[in-house]
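What follows is one structure encoded as structure tokens, with my remarks underneath.
The values are calculated or read from the model by the stated rules, or taken from the named source; none is laboratory data. Remember, predicted model here, so these are calculated numbers, not experimental data. For neighbour counting, all protein chains shown are included, and Cβ atoms are generated from backbone atoms with ideal geometry for every residue, glycine included. Heavy atoms of the whole protein, side chains included, go into the accessibility calculation; ligands, DNA and RNA do not. Shrake-Rupley method; radii C 1.70, N 1.55, O 1.52, S 1.80 Å.
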Amino acid sequence: MKIGAEWLRQWIDLPISNINLCKQLTIFGCEVNYIQEKKKYFSNTVIGRIVSKKKYFPDKRLILYRVRISRTKKIYIINKKKNYLSAGVQIPVILPQSSLIKDMKILSCYLYKNKISGVFCSYHLAGIEKNNKEVIIISKKLKVGSDFNHYLCSYNDIMKFFIPFNRIDLRSVWGISREIAVLNHLPLPKLKYKSRFIPKKVLSEPRININIDIKNSNIQYIFCEFYSLKVPSVFPFRMQERLRVSNLLSDNIILNIINYIFIETGHWFHVFDLDYLKQEIYIKELQEKQVIQDKNNKSISLVKGTVILSDLKNILSFEDMEYSHYSSVNSITKNLFLGSICFEAEFIQSRNLIIGVERKIEYLKYNVYPSTQKNIFQYIQNLILDICGGETTTLKKYKIEKDYSESNLLSLNINRINRVSGIKFTKKDILSILKICYFKFFSKKDNFFITPPYWRTDIRIIEDLFSEIIRIYGFEKIQSSPPKNWNLSFKHTKERISLSRIKLFLIDRGYFEIISYSFIDPVVQKFFITQSNSLSIINPISSDMSEMRLSLWIGLLNCVSYHQKRQNESIKLFETGLCFFSKKEKGKIKKVFQNDYLALAISGFYSHRSWYLKNRKFDFYDLKGDVESILNICGKMNCVEFSPENFIGLCSEQSAGIYLNGQFIGRIGVLDPSFYNVFNLHDSVILFEIMWKKICDSRSIKIKYISVLPSSQRDISIIVSSNILSKDIIDVCRNNISIKNTDIYIYDVYTGSNIPVGKKSISICFTFNSFKNTLIESDINLNISQCVTALKDKFGAILRD
């Protein structure tokens with residue numbers, strides 16, 4: 001919602017600047033942006049008043065106007081005939097040699113017997129609305145001869161409000177000024193148009209009858225009728241500019257008046273062409289779904305229960321006063337029906353209807369303040385008569401069954417709000433805030449019984465009241481001191497590797513995360529467990545979801561099967577979650593454990609098909625490489641060992657246990673082909689699973705100096721039995737090297753021609769370096785000789801030429 005600062009200052013005497021006001025409202029929960037428009041300047045442009053007019057005989061299509069521009073001076077102006085340009089009307093007059101600065105064109109004037117010395121200022125000339133040749137009409141209160149620029153300068157400061165959804169009291173200039181008064185301890189602004197305003201031309205009772213038929217709701221409806229209106233009348237310039245700022249200015253003067261009252265007071269009205277209405281109007285709920293055309297001739301589907309306003313034949317309006325295409329007001333409307341409906345606040349808050357495909361019922365156009373409804377209605381009644389003339393009937397009011405203007409009585413305990421907020425409020429503090437906010441209350445010891453003012457329909461429960469008291473007290477006064485338990489937890493998390501860090505790494509590697517149920521089929525789970533430590537559910541959803549999972553593999557395999565059936569060639573999945581274990585004694589569950597696990601599964605081809613690459617399928621070492629990267633991120637790579645081991649569900653020759661400092665923490669391997677039928681698989685799957693909490697602890701980083709001395713590299717190749725592990729060979733080499741700063745790794749394993757059956761060739765690389773002195777050839781050869789001798793003694797290794 002956008003409004004001009006001058007409109008706001010008309011309602012309340014602001015004690016601070018516009019910029020500071022925007023900051024204050026933003027701090028207190030209503031975001032406001034300050035916009036300063038470029039000022040318009042008119043040289044030699046003054047306020048004039050039409051004294052008389054007559055036909056301009058050289059051209060009968062024109063009128064010669066006599067205009068007073070000061071107490072003693074009058075000029076003549078020639079202009080096209082305009083009915084609204086009559087004697088007594090005040091307009092801005094552009095005098096000779098006037099130029100509209102920057103974007104405005106230099107104005108030339110007509111001459112008529114040396115007395116023609118100006119032209120009327122139109123919206124086009126003023127740069128307000130392009131191609132609008134209508135003359136600007138201004139208030140008669142302005143002094144004749146005064147500078148027109150003084151009148152325009154107040155429209156430059158604009159405020160754009162982003163109102164919270166629950167604060168419907170802030171949807172108007174009146175409501176915002178009321179909020180400003182509360183925040184700055186000022187008197188509340190009051191509606192200036194009270195019931196003492198009686199319409200000037202009153203007819204008898206309206207001919208329309210209203211019938212209300214809505215169950216379990218209190219409704220107040222006020223309406224009247226207008227006759228012989230002049231809809232092509234001129235809308236006052238000040239009002240036009242205010243609506244233009246709010247982006248609500250239209251070509252229809254009646255809708256402009258409705259929009260103006262809506263922005264100023266927050267109250268909305270029904271307005272229809274009276275000549276198209278039947279004698280009876282009904283307010284009721286739809287009993288079945290119905291499709292109608294809106295005012296833009298678009299189809300809207302109204303669901304059962306939608307509140308509508310209709311005559312005997314057609315639906316005129318629905319829910320938040322959105323109009324249908326029937327009985328809409330236009331430029332030739334002479335007789336008008338004006339109505340205002342007020343709902344009970346609780347009835348509106350319970351509404352959750354969807355109208356059409358993408359349109360949700362707006363909360364903004366509902367009226368919920370019956371105490372001010374009549375005064376606002378009389379205000380718009382007089383405004384229509386002042387601008388459009390005509391006559392009106394007396395207003396007719398259908399009263400509500402009970403008074404629902406009073407809000408709920410809420411009980412506030414000082415100790416409770418202190419405990420919830422962490423602020424030590426005293427009784428004096430609470431009393432002061434309640435008075436500032438205009439709450440009605442009485443107290444008993446430390447308890448307050450509070451009734452919010454009628455406009456605060458958002459305060460329905462005690463938590464709303466807590467929020468309002470803390471808001472007025474000042475959020476900036478609340479000290480930032482999180483609970484101790486959170487403090488300890490936060491410090492602890494700094495010492496851990498975040499699981500999200502690992503997830504991002506896996507996503508970068510091409511994996512997709514899945515989420516599966518913790519409840520699984522016990523028949524399938526038995527294929528992966530060796531002991532009866534599963535946890536059965538007493539009242540399962542179904543038989544295939546009757547046991548808590550002991551492994552994440554079952555969910556991963558089901559997902560792999562799903563994608564294989566859909567011919568996905570490369571599948572890389574991961575999942576994190578809890579697995580559940582029970583400790584039993586004598587057949588009874590004594591204790592239940594739950595552990596966080598990280599699991600991976602890959603299947604299919606290593607990469608997508610390409611004409612320049614030979615594609616291959618995933619193997620055990622592809623997944624092992626990703627696992628080693630995860631362990632390296634967690635700082636555990638040097639402490640972890642992969643040991644060949646048999647696991648149920650995995651191939652005996654392609655499976656390994658993962659050990660951290662000698663403790664089992666996970667497993668990796670290729671799924672046994674005998675399980676393909678269980679999961680409807682048709683291709684191999686490589687699986688990995690590890691206990692997350694065992695590896696997430698972050699290790700301290702040890703700084704290692706880099707030697708500036710040159711390093712020396714040696715390679716050897718040996719033939720050993722195929723049963724000997726590479727890890728054991730590396731360990732033997734490390735134990736027989738006397739040069740401490742030496743890196744040892746295996747870079748090739750070969751079986752085939754020239755290698756005996758049951759043997760394998762292993763190539764080992766040694767990189768020697770020293771911090772103290774440059775290594776000599778004899779020291780390096782001695783260390784290599786020691787390693788070869790140790791390998792021969794322990795594994796029967798043969799050195800290859």
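For the full complex of protein chains and a 1.4 angstrom probe, list 794, 82, 428 by accessible area with the highest value first.
Working: 794 140, 82 40, 428 165 Å².
Accessible-area ranking of 794, 82, 428, largest first: 428, 794, 82.
Give, rounded to the nearest 20 debye, the magnitude of the charge dipole that the chain has about its Cα centre when Lys and Arg contribute +1 at Cβ and Asp and Glu contribute -1 at Cβ.
Details: 115 positive and 74 negative charges, 984 e Å.
Here the chain has a charge dipole of around 4720 debye.
Set the Förster distance to 51 Å, then compute FRET efficiency between residue 209 and residue 428 from the Cβ-Cβ distance, nearest 0.05.
E between residue 209 and residue 428, to the nearest 0.05, is 0.35.
Please compute the Cα-Cα pair-distance distribution of region 552-698 with 10 Å bins starting at 0, giving whole percents from short to long.
11, 36, 34, 16, 3, 1, 0
Could you tell me the accessible area of residue 664 in Å² (1.4 Å probe, neighbours in place), rounded to the nearest ten?
80
In whole percent, what relative contact order does the chain give with Cα contacts below 8 Å and a gap of six or more residues? The partial results should precede the final answer.
Values: 1426 pairs, mean separation 62.6, N = 801.
About 8 percent, as a whole number.
How many nm is it between the label spots at residue 57 and residue 755, if each spot is 7 Å from the Cα in line with the beta carbon?
Once both label points are built, they end up 12.3 nm from each other.
Output the 0 to 90 degree angle, nearest 10, between the alpha-carbon long axis of helix 620-633 and the longest principal axis computed from the alpha carbons of the chain.
70
Considering every Cα-Cα pair within the chain, what fraction, in whole percent, is farther apart than 35 Å?
Numbers: 222457 of 320400 pairs.
Tail of P(r) above 35 Å: 69 percent of Cα pairs.
Contour minus end-to-end for residue 382 and residue 800, with contour as 0.36 nm per residue of separation and end-to-end as the Cα-Cα distance?
On the way: separation 418, 0.36 × 418 = 150.48 nm, distance 11.06 nm.
Full-extension gain reported as 139.4 nm.
What accessible surface, in Å², does a 1.4 Å probe find on residue 303, ignoring ligands, DNA and RNA and rounding to the nearest 10?
50
Which one of 527, 651, 546 is farthest out on the positive end of the charge dipole of region 499-694, using unit charges on Cβ (Lys, Arg +1; Asp, Glu -1) and the Cα centre as origin?
So the residue we want is 546.
Quick one: angle between helix 462-473 and the longest Cα principal axis of the chain, in degrees between 0 and 90, rounded to 10, please.
Relative to the chain, helix 462-473 is tipped by roughly 80 degrees.
May I ask you to evaluate 6.51 cos²θ - 1.76 cosθ + 1.60, the Karplus curve with θ = phi - 60°, for each residue of region 784-801 and list the ³J(HN,Hα) values in order in whole Hz, giving x for glycine and proline?
5, 4, 4, 5, 5, 4, 5, 5, 5, 5, 8, 10, x, 5, 10, 6, 7, 6
I'd like to know which of 762, 724, 786 lies farthest towards the positive end of the charge dipole of region 712-800, counting +1 on Cβ of Lys and Arg and -1 on Cβ of Asp and Glu.
Positive-end residue among those listed: 724.
Positive end of the charge dipole of the chain (Lys, Arg +1 and Asp, Glu -1 on Cβ, about the Cα centre): tell me which of 642, 250, 774 has its Cα farthest that way.
250
Taking Cα atoms, how many degrees apart are the long axis of helix 18-27 and the longest axis of the chain, rounded to 10 and kept between 0 and 90?
With both axes taken from Cα atoms, the answer is about 50 degrees.
Round to the nearest 0.05 the FRET efficiency obtained for residue 129 and residue 399 when R0 = 41 Å and r is the Cβ-Cβ distance. If you can, show how the numbers build up before the last one.
Details: r = 44 Å, r/R0 = 1.07.
Efficiency for this residue pair is about 0.40.
Order 160, 190 by their accessible area, 1.4 angstrom probe, all chains in place, largest first.
Values: 160 75, 190 145 Å².
So the residues, ranked largest to smallest area, are 190, 160.
Under a crude label model (7 Å from the Cα following the beta-carbon direction), how far is residue 275 from residue 590 in nanometres?
9.5
Give me the one-decimal nm value for the distance between modelled label points at residue 185 and residue 24, 7 Å along each residue's Cα-to-Cβ direction.
My value for the distance between the label points is 1.2 nm.
Explain nothing, just compute: Karplus ³J(HN,Hα) = 6.51 cos²θ - 1.76 cosθ + 1.60, θ = phi - 60°, for every residue of region 377-390 in order, whole Hz, x for Gly and Pro.
Each residue of region 377-390 in turn: 4, 5, 4, 5, 4, 5, 5, 5, 5, 5, 8, 9, x, x Hz.
Nearest 0.05, what FRET efficiency do residue 721 and residue 777 give at R0 = 25 Å with Cβ-Cβ as r?
Details: r = 32 Å, r/R0 = 1.28.
Efficiency at R0 = 25 Å is approximately 0.20.
Take 515, 436 and sort them by solvent-accessible surface of the protein heavy atoms, 1.4 Å probe, largest at the top.
Values: 515 155, 436 35 Å².
If we order 515, 436 from most to least accessible, we get 515, 436.
Quick one: what are the phi-derived ³J(HN,Hα) couplings along region 440-448, Karplus 6.51/-1.76/1.60 with θ = phi - 60°, whole Hz, x for glycine and proline?
8, 7, 9, 10, 9, 6, 9, 10, 10
Cα-Cα over 29 Å: which of 230/289; 583/693; 374/440?
The pairs that break the limit, which is 29 Å between Cα atoms, are 230/289.
Any chance you could run the full-extension gain for residue 391 through residue 74? It's 0.36 nm times the residue separation minus the Cα-Cα distance, nm to one decimal. Before the final figure, lay out the partial values.
Working: separation 317, 0.36 × 317 = 114.12 nm, distance 3.58 nm.
Extra length from residue 391 to residue 74 when fully extended: 110.5 nm.
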